[in-house]
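All remarks here apply to the structure that follows.
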Amino acid sequence: MFNSPRRRIARRMLAMVPVRLMRRFGRRQDGAAAVEFALVAVPFLALIFAILETALVFFAGQTLEAAVADSARLIMTGQAQNANYTAADFKTQVCNRIAGLFDCAGNMYVDVKSYSTFGAISSASPVTNNKFDATKVGYSLAGPGCIQVVSLYYQWPIVVSLLGNNLSNLDGDYRLLSASAVFKNEPYSTTGAC
């Protein structure tokens with residue numbers, strides 16, 4: 001039992017490797033920090049990039065909110081109506097307020113609608129089959145005292161995807177950022193109707 005072939009082979013192997021060498025190998029920690037960093041670096045960097053992208057998406061959303069509030073004032077005070085702004089003119093005014101952060105020419109959509117009552121306002125996003133549907137946005141200016149809704153939509157590209165849990169809510173790894181302003185036009189003129 002004590003002289004089994006396995007034990008004899010193990011004794012021979014131990015005799016071949018000096019005991020001092022085994023003890024020294026067990027105590028060495030020269031590359032331990034590099035190995036530990038390699039194990040932790042990939043998840044750590046993925047988490048950092050996900051945090052940065054999330055912060056950038058929230059910052060972009062806040063910038064869009066500020067732009068819609070500022071540009072909607074052009075309609076609310078009658079400046080857009082008096083200057084006969086087209087949809088392209090109004091989009092240019094919006095883009096002037098958010099230069100640098102967004103690709104205004106390509107992914108920015110402006111939707112201006114008028115309603116007879118606040119209860120009639122629809123808050124549905126212009127999304128069909130998980131894709132942005134540009135045919136659902138329009139441009140309709142109304143006169144003094146009319147209810148208007150100005151919405152800005154931007155398809156923000158999502159880069160970091162952690163195991164399928166990401167910020168995208170559209171196909172193609174995009175997040176639809178939206179900002180809206182609902183208001184009643186000021187009585188900037190005595191003529192005009194809703």
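Annotations
- Cα-based Lys pair tally, the chain, threshold under 20 Å, eight or more apart or on separate chains: 4
- From helices alone, the chain scores -14000 deg cm²/dmol at 222 nm; the rule is -39500 (n - 2.57) for each run of n ≥ 4 DSSP H residues, then divide by the residue total.
- Calculated FRET efficiency, residue 52 to residue 96, Cβ-Cβ distance, R0 = 22 Å: about 0.20 to the nearest 0.05.
- 14 Å beta-carbon shell around residue 90, net charge (K/R +1, D/E -1): +1
- Apportionment of accessible area to carbon and sulfur, the stretch 93-194, percent (1.4 Å): 49
- Neighbours of residue 125 by Cβ distance under 13 Å: Lys/Arg scored +1, Asp/Glu scored -1, total +1.
- Quarter of Cα convex hull surface for the chain, i.e. mean projection, nm²: 20.5
- Heavy-atom accessible area per residue - the stretch 86-194, 1.4 Å, Å²: 54
- A viscosity of 1.567 mPa s and a temperature of 4 °C, combined with the Kirkwood radius over Cα pairs in Stokes-Einstein, give a translational diffusion coefficient for the stretch 84-194 of 83 µm²/s.
- Local electrostatic count at residue 184 - Lys and Arg +1, Asp and Glu -1, tallied over other residues with Cβ under 14 Å: +1
- Förster radius 41 Å - calculated FRET efficiency between residue 123 and residue 39 (Cβ-Cβ, nearest 0.05): 0.30
The values are calculated or read from the model by the stated rules, or taken from the named source; none is laboratory data. What you see is a predicted model, and the numbers here were worked out from it, not measured in a lab. Cβ: placed from backbone, ideal geometry, glycine included. Neighbour counts: every protein chain shown. Ligands, DNA and RNA are stripped out before the accessible areas are found, and what is left, the full protein with its side chains, is counted by its heavy atoms. Shrake-Rupley method; radii C 1.70, N 1.55, O 1.52, S 1.80 Å.
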